[in-house]
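I have a structure I would like to understand better, so I am pasting it below and will then ask my questions one at a time.
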Amino acid sequence: MVAGVDPEGPALIELARRIGDQSSLRFAGILTHAGHAYQARGQAAILAYARAERAVMVAAAARLADAGIAVPTVSIGSTPTASHVDDLTGVHEVRTGNYAFYDLMQVTIGSCTADDVALSVLAAVVHRDLARGMMLLDAGSIAMSKDAGIADPDGVTHFGRLVTLEGEDLGLRVTALSQEHGWVTVHDRALLERLPVGARVRILANHSCLTAAQHAHYEVCDGTRVVDRWVNHRGW
């Protein structure tokens with residue numbers, strides 16, 4: 001538990017009563033975020049967290065009800081648990097986080113597959129060095145954020161994976177960022193020659209929340225065809 005009160009402790013009842021005793025406040029219910037689900041690896045582990053999340057919150061609501069305190073809303077949610085929960089009895093609201101987009105972090109955890117990742121950043125090759133086996137993209141930390149996500153199985157952390165416009169995995173990672181550029185090491189010379197200056201690729205983000213927040217709008221695509229533009233509502 002990082003914040004809030006222990007759902008099985010006395011503070012739960014005490015705090016709800018203190019809120020109810022204030023004329024300027026209204027006890028609206030209980031809310032949690034299963035951030036610890038990000039420790040899971042695989043669907044079975046995530047499902048166990050999801051079931052525990054629901055059980056703890058439903059039990060907390062029952063404790064409050066037994067104490068004579070109405071609980072209008074029981075709110076749970078995290079992207080991993082929302083992806084695999086199989087029973088929402090007693091829950092009124094599920095806050096699904098980046099469930100709408102997914103990202104490489106969710107792929108690593110096991111919330112989804114790479115084919116489910118709906119958000120990517122369009123980038124172009126602006127420099128290619130055949131001798132050193134590297135290329136430079138016109139998408140840096142401003143476009144991607146600096147979230148390195150979870151290391152790949154080989155221990156390498158990176159800032160996104162490259163796919164073609166059609167979604168073919170190129171097996172390449174953005175391993176370094178400057179403000180405006182992303183650096184990609186390409187050991188396969190044939191692949192590097194396939195991506196000349198001007199070639200366009202898509203970068204799948206590690207953390208779609210941060211990457212999505214970097215942009216004023218999203219181009220909505222059906223395959224490689226742009227079909228709509230969604231404006232991002234900014235600010236806090």
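Computed from the coordinates by the stated procedures, all read-outs in this text should not be read as laboratory data. Computed from a predicted structure; not experimentally measured. Reconstructed Cβ throughout: ideal geometry from the backbone, glycine too, with neighbour counts over all protein chains shown.
Under unit Cβ charges (Lys, Arg +1; Asp, Glu -1), what dipole magnitude, rounded to 20 debye, does region 10-95 have relative to its Cα centre?
On the way: 8 positive and 7 negative charges, 27 e Å.
Its charge dipole is roughly 140 debye.
Sticking with this structure for a sec: Can you tell me the relative contact order of region 10-95? Whole percent, Cα pairs under 8 Å, sequence separation 6 or more. Present the calculation step by step, with values, prior to reporting the outcome.
Numbers: 108 pairs, mean separation 30.0, N = 86.
Relative CO of region 10-95 lands at 35 percent.
Quick one: 3J(HN,Hα) in Hz for region 117-129, Karplus 6.51/-1.76/1.60 with θ = phi - 60°, rounded, Gly and Pro as x.
Running phi through 6.51 cos²θ - 1.76 cosθ + 1.60 with θ = phi - 60° gives 6, 9, 10, 8, 10, 6, 9, 10, 6, 10, 7, 9, 10 Hz.
When only Cα pairs under 8 Å and 6 or more residues apart are kept, what is the percent relative contact order across region 59-114? Before the final figure, lay out each step's value.
Details: 53 pairs, mean separation 17.8, N = 56.
Once normalised by length, the contact order is 32 percent.
Right, next: 5 Å is the cut-off here: which amide hydrogens, built 1.01 Å from N in the peptide plane, fall below it relative to E180, excluding neighbours closer than 5 in sequence?
S141
Apply the Karplus parameterisation 6.51 cos²θ - 1.76 cosθ + 1.60, with θ equal to phi minus 60°, to every residue of region 74-90 and state each ³J(HN,Hα) to the nearest whole Hz, in sequence, with x for glycine and proline.
For region 74-90, the Karplus-derived couplings read 10, 10, 10, x, 6, 4, x, 5, 5, 6, 10, 4, 10, 7, 10, 4, x Hz, x marking Gly and Pro.
Now, a different point. From the Cα gyration tensor of the chain, with a ≥ b ≥ c the square roots of its eigenvalues, which class applies: rounded if a/c is under 1.5, or else prolate if a/b is larger than b/c, or else oblate?
Note, shape of the chain comes out prolate.
Order of L88, L104, L47 from fewest to most other C-beta atoms within 10 Å? Intermediate results must be reported in sequence, preceding the final value.
Values: L88 15, L104 25, L47 19.
Fewest-to-most ranking of L88, L104, L47: L88, L47, L104.
While we're looking at this one, here's another question. Going by C-beta contacts inside 10 Å, put T157, T79 in order with the fewest on the left. Don't skip to the answer; put the middle values down first.
Values: T157 13, T79 26.
With the sparsest Cβ surroundings first, the list reads T157, T79.
Who wins for biggest fluctuation among R225, R202, R63 in a Gaussian network model of the chain, springs between alpha carbons below 10 Å?
Taking springs between Cα atoms under 10 Å, the residue moving most is R225.
While we're on this one: So, with +1 on the Cβ of K and R and -1 on the Cβ of D and E, and no other charges, what is the size of the charge dipole of the chain about its Cα centre, to the nearest 20 debye?
Numbers: 20 positive and 26 negative charges, 81 e Å.
Value, rounded to 20: 380 debye.
For region 166-210 and region 1-58, write down the distance between their C-alpha centroids in whole Å.
Taking the Cα centre of each part, region 166-210 and region 1-58 sit 40 Å apart.
Taking the Cα centre of region 114-231 as the origin, how large is its charge dipole in debye, to the nearest 20, when only Lys and Arg (+1) and Asp and Glu (-1) carry charge on their Cβ atoms? Each step should come with its number before you reach the end.
Working: 11 positive and 16 negative charges, 71 e Å.
For region 114-231, the charge dipole is close to 340 debye.
Hey, what do the phi angles of region 138-144 turn into as Karplus ³J(HN,Hα) couplings, whole Hz, using 6.51/-1.76/1.60 and θ = phi - 60°, x for Gly and Pro?
8, 10, x, 5, 5, 7, 10
What is the chain's relative contact order, in percent, from Cα pairs under 8 angstrom and six or more apart in sequence?
Numbers: 434 pairs, mean separation 36.5, N = 236.
Relative contact order of the chain: 15 percent.
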